[in-house]
1. Stretch Ala8-Val50 to full length: gain in nm at 0.36 nm per residue minus the Cα-Cα span?
2. Under the rule of -39500 (n - 2.57) per DSSP H run of 4 or more residues, summed and divided by the residues of the chain, what mean residue ellipticity at 222 nm is obtained, to the nearest 500 deg cm²/dmol?
3. Build a GNM of the chain with springs between Cα atoms under 10 Å: which of Tyr18, Tyr48, Tyr82 gets the top mean-square fluctuation?
4. Between His23 and Arg108, what length comes free when the chain is fully extended (0.36 nm per residue of separation minus the Cα-Cα distance, one decimal in nm)?
5. Name the shape class, rounded, prolate or oblate, that the alpha-carbon gyration tensor gives for the chain, where a ≥ b ≥ c are the square roots of its eigenvalues, rounded holds for a/c under 1.5, and otherwise prolate holds if a/b is larger than b/c and oblate otherwise.
6. What list of ³J(HN,Hα) values in whole Hz, one per residue of the stretch 83-93 in order, does the Karplus curve 6.51 cos²θ - 1.76 cosθ + 1.60 (θ = phi - 60°) give from phi, with Gly and Pro shown as x?
7. Summing Lys, Arg as +1 and Asp, Glu as -1, what charge do residues with Cβ under 15 Å from the Cβ of Glu95 carry, Glu95 excluded?
8. Could you work out what % of the accessible surface of the chain is carbon and sulfur, using a 1.4 angstrom probe and leaving DNA, RNA and ligands out of the count?
Amino acid sequence: MTREELKAAAIRMLDRAYCPYSHFPVGAALECADGTVFTGCNIENAAYSVGICAERTAMSKAISEGHRDFARIVIAGRSEDYCVPCGMCRQFMQEFSPQIEVICLNGRGEEKAFPLKELLPHGFDHSFL
Ligand code: THU
């Protein structure tokens with residue numbers, strides 16, 4: 001899938017977001033090293049802390065289908081600013097693919113891309129245990 005197609009897949013997922021509490025839809029499209037793509041959206045809950053971000057939805061789908069090697073992830077929002085991943089999602093990504101490229105979109109579909117290492121410097125991983 002091209003970068004533009006991956007971005008379009010993340011943007012399409014905005015319509016699947018379940019976000020009646022924050023009214024902040026997020027879509028994600030995760031590309032694995034072998035090219036397989038998994039998508040996700042944020043899914044909120046009346047018990048707020050039970051909600052899950054779009055990125056972790058996509059990564060959980062991938063992992064549960066046997067994919068752990070992630071090349072890049074697009075995160076789409078509708079806000080003015082670029083939709084960056086929360087700290088929990090950064091840590092979740094690092095567990096499986098510290099080299100992942102994180103591509104953040106704003107509501108206009110413009111991108112800002114980061115290596116995960118820039119978003120999560122000095123991250124905690126298995127080597128500490
Ligand atoms: N959210 C995501 O799904 N991904 C992000 O990168 C940032 C935040 C969700 C969580 C919650 O449903 C809503 O956006 C507002 O925080």
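The values are calculated or read from the model by the stated rules, or taken from the named source; none is laboratory data. It should be emphasised that the depicted structure is a prediction, and the values quoted were computed from it without experimental measurement. Note that we place each Cβ from the backbone using ideal geometry, even for glycine, and neighbour counts take in every protein chain shown. Heavy atoms of the whole protein, side chains included, go into the accessibility calculation; ligands, DNA and RNA do not. Shrake-Rupley method; radii C 1.70, N 1.55, O 1.52, S 1.80 Å.
1. 12.4 nm
2. -7500 deg cm²/dmol
3. Among Tyr18, Tyr48, Tyr82, the largest GNM mean-square fluctuation belongs to Tyr48.
4. Between His23 and Arg108, full extension yields an extra 28.8 nm.
5. Judged from the Cα gyration tensor, the chain comes out rounded (a/c under 1.5).
6. For the stretch 83-93, the Karplus curve yields 7, 8, x, 6, x, 5, 5, 4, 5, 4, 4 Hz.
7. +1
8. 54 percent
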